[in-house]
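*Asks:* Sharing a structure below in C-alpha cells format, with a few things to ask.
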Amino acid sequence: MAPKDVTNHPMIARLVQAVGADQVLTSADDRVFYSHDVYRQIATPIAVVRPGSVDELARVVGMATAEGIAIVPRGGGASYSDGYCATVEDSISIDTTRLNKIDLNARDMTVTVECGVTWAELYETLGKQGLRTPFWGPFSGLKATVGGSMSQGSVSLGSGLHGPSADSVLAMEIVLADGSILKTGSLAAANGQPHFRHYGPDLSALFTGDTGAMGVKARITLRLMKKLPVAMSASFGFANFEGMAGGMESAAKEGAVSDNFGLNPRLQKAWLGRTNMKQSMDAAIAVYKTARNPVDGLFKLIRMAVAGKRFLDRSEYSAHFIVEGVDHAHARSLLAAVRKAVEPFGVEVPNTIPTVVRSMPFMPLYPIMGPAGERWVPLHGILAFSQVKSFHDKLQAMHTRYAAEMEKLKVTTAAMFTTIGTTGFLYEPVFYWQDTRHLYHERYLPEEFLAMLPKYPENPEARKLVEEMRTGIREIFASCGAVHLQVGKSYPYMKGRDPRNAQMLTAIKALLDPKRLMNPGSLGL
Ligand SMILES: Cc1cc2nc3c(=O)[nH]c(=O)nc-3n(C[C@H](O)[C@H](O)[C@H](O)COP(=O)(O)OP(=O)(O)OC[C@H]3O[C@@H](n4cnc5c(N)ncnc54)[C@H](O)[C@@H]3O)c2cc1C
C-alpha cells in the first residue's frame, strides 16, 4: 500500500519550524527508506526528522509526544531486528546522523560523543591521539553509530577482552519522552564530570540495550585507553563445529584475545576461501576502493588471499584470533597462550582473514546481500559455553527437518560465531534467499556493485519459510537460555521473563513513557 499523503499533517509545519525545511523529509521514498531495515518494513511514519543539535532533538521529541506522535530513533540503520521500523503511522523517524560532535578529554581519558557519531569516525579521531575506546565498534562501524550500538548492544572489535558496547560507557544524556534531559553516571552528581559510571544505582544500564524504548540517547561518554601499538593474529582450521567451538571457548578463557570470530565452511569460503586468482584480486580491489588503506595495502591483500586459499579450503570450520600488546614481546606471549589453548582442537592455518579484517576493521555493507544477489538476514543468540552443543544439535535437527523445503525454495544458510569476554558464545545463523531488492539495498550499496548482481522477482514462499525458521531458531535459543543484542521488536524479550523482573520493567517504562510513544513495540513493552 502506498504511504499516505502527509502534506497537510499539522505536525509537519511544526517540525519544519523546529529544525528547518531541509531537515524534515516527507517524500514517500524517504519515509519508507528510513523505516525499512534490511529485512522488512512495518509502518510508514509521517516524516523523517534530522535534528542538528541536542536542543533540537529534545524540542522535536517533546513537541511530537505532546501531540501523541510516536518517536522512532534511527542511527546508521544497520540493525535487522525491526528496531527502527515504525509500528504505527502516527510516528516520526528521527535520523540522528547530523548529531556528530566528538569532544575528547585526553586528560580525563574520556570522550563524549553525540549519538550520531559513527564508530569509524570515532576510531579515526581517537587514533590520531594514540587512544581508543575499549569496545571500539561493530564491523558495520562505517555506518553504525555510537547511539545505535549503545541502544541495542553491540559486540566485535575489542569485545573479546572488553565485553559489549555498554561496558565502555561512563555517562549519558538521555532525551526523555517529555523532551527533558536525564543525566546518568557521575555527570548527574553535584558539579558532575562524566568520568565514572557507578555512583549509587546505575541509571545508564536502564538505557543501554533499551532499543529506544526508554528514551533517546543524545550524548554518550565513553572511557578511553591507550591504543595498543602491536596487533598479531592466528587462524585455525577445524574438522567440525565441535572442534571450532571447543577451540574458541578455550581461547576465550585465556583472557588474552581482543577480537575473534569463527566461520562455518560456507562463510569461510566467502571470506577469501574458494576464489580464483581473478576473484581474489577483484575482492581485494573492491575492499581497497572503499577503504582508507595505504597504497601497498592492495598488494598485501592479494598476496594474502592467494596464500591463504590453499590451506583454508581444506578445513571445515575456521576461527580467527587477534591479540594486542604494548610491544611485540607482549603480543607474542598473548598469542602463544592462544595457540596453546586452541591447538588441541584444530590446526593452525595462514592468518589471511584476520589480517584482512585488521587492515580494514569497518567493512562496507556488502554482506547485506548474498554473493549471488540474494536477500540476507542474520539472527543470533549469546549462549553460556555449557549450552553451545545443545543449541547446535537442535539447530542441525531443525535444518534436517526443513532440508527438502529449503532446497525447493532455494533458501540457504551460513553461520558466524564470536566469544565475548570469558563467558559468552555468540552464535549467528544467517539466511539467504532469492527475492526482490528494496530501497534499503539500493541506497546502501554502490550502483556498480548492484549492477554485477542478478535480480530476482518477489518470492513470498521463500520469505515465509525464512520467517518460520527464524521463529523456530528464536525458540531454540530460548530453550537454551540465550540472550540477544539488538532485541528490537524481533526477539521475545518479555516472554517467560521472571515475573518480578517483568513487573519492574513495565513500571519503569510507564514512569518514563506514560503515553507509550517512545519506539512503540521495542522490547515488547
Ligand atoms: C554488514 C553488517 C555487519 C554488522 N556487524 C556487526 C558486528 O560486528 N557486531 C554487532 O554487534 N552488530 C553488527 N551488525 C548489526 C548492527 O550494525 C549493529 O548492531 C549496530 O550497533 C547498529 O547501529 P546503528 O547505528 O546502525 O543502529 P540502528 O540500526 O540505526 O538502530 C538500532 C536500534 O537502536 C535504536 N536507536 C538508534 N539510535 C538511538 C538513540 N540515539 N537513542 C535511542 N535509541 C536509538 C533504534 O531505534 C534501533 O532500535 C552488523 C550489521 C551489518 C549490516
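*Asks:* Could you please report the charge total around residue 492, scoring K, R as +1 and D, E as -1 over all other residues with beta-carbon less than 13 angstrom from its beta-carbon?
*Replies:* Counting the neighbours of residue 492, the net charge comes to +3.
*Asks:* Of 517, 182, 39, which is farthest towards the positive pole of the chain's charge dipole, taken about the Cα centre with +1 and -1 on the beta-carbons of Lys, Arg and Asp, Glu respectively?
*Replies:* In the chain, that residue is 39.
*Asks:* Under a Cβ-only charge scheme (Lys and Arg +1, Asp and Glu -1), can you give me the dipole magnitude of the chain about the Cα centre, in debye to the nearest 20?
*Replies:* Dipole about the Cα centre, nearest 20: 740 debye.
*Asks:* While we're here: At each listed q (0.08, 0.11, 0.12 Å⁻¹), what is the log10 of I(q)/I(0) that the Debye formula gives for the chain modelled as equal alpha-carbon point scatterers?
*Replies:* The calculated log intensity ratios at q = 0.08, 0.11, 0.12 Å⁻¹ are -0.51, -1.00, -1.21.
*Asks:* Provide, as a two-decimal number, the C-alpha radius of gyration of the range 104-166 over 2.2 N^0.38 Å, N being how many residues it has.
*Replies:* That ratio works out to 1.02.
*Asks:* How about the range 443-491: which trypsin sites (Lys or Arg not before Pro) there lie in a loop by DSSP and see at most 11 other Cβ atoms within 10 Å?
*Replies:* When the trypsin sites (Lys or Arg not before Pro) of the range 443-491 are filtered for loop state and at most 11 Cβ neighbours within 10 Å, 455 remain.
*Asks:* For residue 131, list long-range residues whose amide hydrogen, built 1.01 Å from N in the peptide plane, is under 5 Å from its own amide hydrogen.
*Replies:* 227
*Asks:* Moving on. Which is farthest toward the positive dipole end of the chain among 222, 262, 199, measuring Cα position about the Cα centre, with Cβ charges +1 (Lys, Arg) and -1 (Asp, Glu)?
*Replies:* Of 222, 262, 199, it is 262.
*Asks:* Less than 9 Å Cβ to Cβ from residue 96, Lys/Arg counted +1 and Asp/Glu -1: what total charge do the surrounding residues give?
*Replies:* +2
*Asks:* Could you run the Karplus curve 6.51 cos²θ - 1.76 cosθ + 1.60 with θ = phi - 60° over the range 38-44 and give me ³J(HN,Hα) per residue in whole Hz, x for Gly and Pro?
*Replies:* 4, 9, 6, 10, 10, 9, 9
*Asks:* Okay, next question. Can you give me the orientation-averaged projected area of the convex hull built on the Cα atoms of the range 362-474, in nm²?
*Replies:* For the range 362-474, the mean projected area of the Cα convex hull comes to 8.0 nm².
*Asks:* What residues have an amide H closer than 5 Å to that of residue 424, excluding those fewer than 5 places away on the same chain, when H is modeled at 1.01 Å from N in the peptide plane?
*Replies:* Those qualifying (amide H under 5 Å, at least 5 residues apart or on another chain) number zero.
Computed from the coordinates by the stated procedures, all read-outs in this text should not be read as laboratory data. Just so we're clear, the structure is a prediction, and the values are computed from it rather than from any experiment. Neighbour counts are summed over all protein chains in view; Cβ atoms, including those assigned to glycine, are modelled from backbone coordinates with ideal geometry.
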